Amino acid sequence: MPNRRKTPSAVETSVLYASRRRCCLCVFLDERDEVRRGQLAHINRDPSDATFENLVWLCLDHHDEYDSKTSQSKGVTQAEVKKYRDRLYDRHPEATQKAVVDSKEQDLPELVPLPPRSEFESVRRRFPKDLGFMAEPWRYPLWQVANQPELFAFKSGNGSDGICLIERIDLPDERIVVACMSVVGNPGISITNAVEDICFQVCERFEIPPDRLVWLEHYEDFDDEEWDMVTFGTSPPQGPFSNPTWKTMTPQLWKSLLLEPKKQLLQEHRHYQSKLNKLFYWPTKNLL
Ligand SMILES: [Zn+2]
């Protein structure tokens, strides 16, 4: 069984929100202003001090560098990290203000985990015909419907499987846009940190040719209108999707896709409605 994942606290969410998953050292030291895979670091190196003021989002490389004791003499100092972090936050003062307020929200108490039990697994093994299917990955519908984003359950390499919302749009020039949206309640890894895994699973499941794919990413659960286009340095058949690069969507980029994002994700007849306006003829019948 994978380890229980600690529910992200209001503080953690606030740090992710204020930093927009940018590593402040990457942004200001390496001029790398993009979403990075990373981790929360404690600026004063005291893990028990998990306040908004003491936390910072660092990419994995900078996190390692900052955490390793040996490099402390010549490495980045606490004061420097703090300065760069604040400079990053200052670029979006309203978001930072909101993050500070949200970080003070009290976390709900986590229920105490019950001791492990063996009877469920042993019964499942003894009754493979009746219960064997439960060990298989979750199965989701094979069809995709125009203008109807669907929930998608994905596996993650780090064991923190999650869900997201997927919408497919076939462009007139044969490219296929897949909009991957993070939704409230995703219990697993973020759609940014698992982008290679999710992309592989969606493309394989729906047989989307990698050379026609346009992958878009959006956080529907954050109060943020940003969309990113993700491209991969490597994609099938060369190898698994890897080396992702995020590019914030601009009006020009949207225009090149003949799409524009809607402000709100709406529901109708118990289905999500499309999150993207199409500036071309678009059917509403089944896609596959
Ligand atoms: Zn970094």
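The values are calculated or read from the model by the stated rules, or taken from the named source; none is laboratory data. Predicted model only: the values in this text are computed from it and were never measured. Cβ sites come from the backbone with ideal geometry, for glycine too, and all protein chains shown count toward neighbours. We work out accessible area using only protein heavy atoms, side chains counted, and drop any ligands, DNA or RNA first. Shrake-Rupley method; radii C 1.70, N 1.55, O 1.52, S 1.80 Å.
Look through GLU94, GLU65, GLU80 and report the one residue that is assigned by TED's automatic domain parsing to the domain that holds CYS26, outside any loop (DSSP other than H, G, I, E, B) and touching a Gly at 6+ places or on another chain (Cβ under 9 Å). Give the steps one after another, and end with the answer.
Details: GLU94 fails: touching a Gly at 6+ places or on another chain (Cβ under 9 Å); GLU80 fails: touching a Gly at 6+ places or on another chain (Cβ under 9 Å).
Exactly one of GLU94, GLU65, GLU80 is assigned by TED's automatic domain parsing to the domain that holds CYS26, outside any loop (DSSP other than H, G, I, E, B) and touching a Gly at 6+ places or on another chain (Cβ under 9 Å), namely GLU65.
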(request) For ARG124, state whether it is in contact with a strand residue (DSSP E or B) (Cβ under 7 Å, 6 or more places away or on another chain) and either within 16 Å of ALA41 (Cα to Cα) or surrounded by 14 or more Cβ atoms within 10 Å (Cβ to Cβ) (or both). (result) no
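Being modelled with pLDDT of 90 or more and either near the ligand (Cβ under 10 Å from one of its atoms) or open to solvent by 30 Å² or more (accessible area, probe 1.4 Å) (or both) is true for just one of ASP30, ASP49, ASP67. Which residue is that? Outline the logic, then answer.
On the way: ASP49 fails: modelled with pLDDT of 90 or more; ASP67 fails: modelled with pLDDT of 90 or more.
Testing whether each residue is modelled with pLDDT of 90 or more and either near the ligand (Cβ under 10 Å from one of its atoms) or open to solvent by 30 Å² or more (accessible area, probe 1.4 Å) (or both) leaves just ASP30.
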(message) Looking at region 137-166 only, could you name the residues that are among the hydrophobic types (A, V, I, L, M, F, W, C) and surrounded by 12 or more Cβ atoms within 10 Å (Cβ to Cβ)?
(response) VAL145, ALA146, LEU151, PHE152, ALA153, PHE154, ILE163, CYS164, LEU165, ILE166
(message) So, in region 70-91, how many residues would count as being touching a helix residue (DSSP H, G or I) at 6+ places or on another chain (Cβ under 7 Å) and open to solvent by less than 70 Å² (accessible area, probe 1.4 Å)?
(response) 8
(message) Here's a check for you: in region 167-208, which residue that is more than 23 Å from SER274 (Cβ to Cβ) and in a helix (DSSP H, G or I) is most open to solvent (accessible area, probe 1.4 Å)?
(response) GLU204
(request) Select, from ILE176, ILE163, ILE169, the only residue that is within 28 Å of ALA18 (Cβ to Cβ) and in contact (Cβ under 8 Å) with a residue 12 or more places away in the chain. (result) ILE163
(request) Kindly provide the set of residues from region 244-270 that are loosely packed, with under 11 Cβ neighbours inside 10 Å and at pLDDT below 95, ordered by number. (result) LYS263, GLN264, GLN267, GLU268, HIS269, ARG270
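Suppose we keep only residues that are among the β-branched types (Val, Ile, Thr) and open to solvent by 50 Å² or more (accessible area, probe 1.4 Å) within region 5-27. Which one would you say is farthest from GLU110 (Cα to Cα)?
To start, the set of residues in region 5-27 that are among the β-branched types (Val, Ile, Thr) comprises 7, 11, 13, 15, 27.
So of that shortlist, the ones also open to solvent by 50 Å² or more (accessible area, probe 1.4 Å) come out as 7, 13.
On the way: THR7: 8, THR13: 16 Å.
Among them, the one singled out is THR13.
In region 236-250, is there at least one residue being closer than 19 Å to SER182 by Cβ, hydrophobic (A, V, I, L, M, F, W, C), in contact (Cβ under 8 Å) with a residue 40 or more places away in the chain and part of a loop (DSSP other than H, G, I, E, B)? I'd like the intermediate steps shown before the answer.
Our first condition is that a residue be closer than 19 Å to SER182 by Cβ; within region 236-250, this holds for 241, 244-249.
From what is left, the residues that are hydrophobic (A, V, I, L, M, F, W, C) are 241, 246, 249.
When the remaining residues are screened for being in contact (Cβ under 8 Å) with a residue 40 or more places away in the chain, the result is 241, 246.
Checking which are part of a loop (DSSP other than H, G, I, E, B) leaves us with 241.
Looking through region 236-250, at least one residue is closer than 19 Å to SER182 by Cβ, hydrophobic (A, V, I, L, M, F, W, C), in contact (Cβ under 8 Å) with a residue 40 or more places away in the chain and part of a loop (DSSP other than H, G, I, E, B).
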